[in-house]
Amino acid sequence: MNDIFQTLGRLGIIPVIKLENPETAVQLGRALIDGKLPVAEVTFRTASAAESIKRLRKELPDLLVGAGTVLTLAQAEAAVEAGAHFAVTPGFNPRIVEYFIGKGIPVIPGINSPTQVEMGLERGLQLLKFFPAEVSGGTRMLKALYGPYTEVQFVPTGGIDSGNLADYLRLPNVVACGGSWMVKEESIKQGRFTDIAAACMMAVELAAACRNKI
C-alpha cells in the first residue's frame with residue numbers, strides 16, 4: 001500500500017467535502033488541520049471543485065487533498081491538473097480508473113459487488129471504495145467479501161456517521177471510512193470553521209478509540 005493510502009489508514013476517516021465557493025476552501029482546510037484530520041476529499045459535485053483543490057494544494061502543503069465523485073474523463077483531467085494527491089470515484093468506470101493509473105495518481109474506485117472487486121484486482125488495485133455502504137449491505141457485505149478477497153481493503157462510504165463508524169472500522173478489511181458528518185455543508189456555508197475543527201477532533205478521537213478496541 002502506498003504512502004497516501006497508509007496515511008488514510010492511519011487517520012481512519014476521510015472527510016467528504018462539497019464546496020460551493022472556492023473562497024472558503026483554505027479556511028476549511030485549516031479547520032481540518034486544526035482538527036487533526038489533515039485530509040480532504042473535495043467532490044466534483046460543484047463547479048468549484050478543481051479550483052478548490054488547486055487552492056488547497058498551493059496554500060496548505062500539509063493537507064492531503066483528494067478529488068472525489070469523479071464521473072467523467074474531463075473531471076479526471078481537471079483533478080490531475082489541479083494537483084489532487086488521490087482520486088475517488090463513486091462507481092467503477094474503467095476509462096477513468098485507467099486514466100488515473102496511467103498518470104500515477106492513486107485511485108479508489110467505487111464498488112458494491114464481487115464482480116467489481118475483481119475488476120479492481122485485474123488492474124492491480126487492492127484498495128476500493130465500498131459505496132453506497134449502508135444500502136449495499138453495510139458491514140454484513142464487507143464481512144462476506146472478506147472471505148474470498150482477504151487481500152482487498154475497503155473505504156466504505158455512504159450512510160456512515162459517528163453512530164456506526166465503530167462497526168466499520170473494527171472490520172479487518174476496512175482501512176478508513178468516508179463521511180461528511182464532521183464537515184456539514186451548512187457549517188461550511190455559514191463559516192463555522194471552529195465548529196468543524198471541533199467536530200473533526202471528535203471524529204479522530206472516535207476513530208482512534210475504535211481501532212484500539214480491535
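No value in this document is a laboratory result; all are computed from the given coordinates. Keep in mind the model is a prediction, meaning the values are calculated, not measured. Using ideal geometry, Cβ is built from the backbone for each residue, glycine included, and neighbour counts are taken over all protein chains shown.
Here are some notes:
- Computed label-point distance, nm, for sites Lys58 and Arg10 using a 7 Å Cα→Cβ extension: 2.8
- Taking other residues whose beta carbon is less than 13 angstrom from the beta carbon of Pro22, and scoring Lys, Arg as +1 and Asp, Glu as -1, yields +1.
- Taking Lys and Arg as +1 and Asp and Glu as -1, the other residues whose beta-carbon sits under 14 Å from that of Glu122 total -2.
- Taking 15 Å as the cut-off, the amide N atoms of segment 40-80 that come nearer than this to a point 7 Å along the Cα-to-beta-carbon line of Gln116 belong to 69-72.
- Counting other Cβ atoms within 10 Å as a rough exposure proxy, the listed residues Tyr149, Tyr168 run Tyr149, Tyr168 from fewest neighbours to most.
- Helix-derived mean residue ellipticity, 222 nm - over the chain, DSSP H n ≥ 4, -39500 (n - 2.57), to 500: -13500 deg cm²/dmol
- Net charge of neighbours whose Cβ lies under 13 Å from the Cβ of Ala50, counting Lys and Arg as +1 and Asp and Glu as -1: +2
- Within a straight-line Cα-Cα reach of under 21 Å, Lys36 can be paired with the following lysines, leaving aside sequence neighbours fewer than 8 residues apart in one chain: Lys18, Lys58, Lys184, Lys213.
- Helices of the chain meeting both criteria, an alpha-carbon length of 18 angstrom or more along the long axis and an average Kyte-Doolittle score not below 1.0, with helices taken as full DSSP H segments, are 193-212.
- Whether segment 96-150 is rounded, prolate or oblate, judged on the alpha carbon gyration tensor where a/c under 1.5 counts as rounded: prolate
- Once the C-beta distance of Thr150 and Arg211 is scaled by a Förster radius of 22 Å, the resulting FRET efficiency is 0.70 to the nearest 0.05.
- Scanning residues 5 or more positions from Ser180 or on other chains, those with amide H under 5 Å from its amide H are Val16, with H placed 1.01 Å from N in the peptide plane.
- Neighbour counting of Cβ atoms within 10 Å sorts the residues Cys210, Cys200, fewest neighbours leading, into Cys210, Cys200.
- Among [x] 16.2, 49; [y] 16.0, 46; [z] 22.6, 66, the entry derived from the coordinates for Rg and Dmax of the Cα atoms in Å: [y]
- Cα-based reach from Lys103 at 20 Å (exclusive), listing aspartates and glutamates while leaving out same-chain residues under 8 positions away: Asp3, Glu41, Glu51, Glu77, Glu81, Glu122
- Dipole of segment 1-44 [Lys/Arg +1, Asp/Glu -1 at C-beta], most positive-end residue of Gly12, Gln27, Phe44: Gly12
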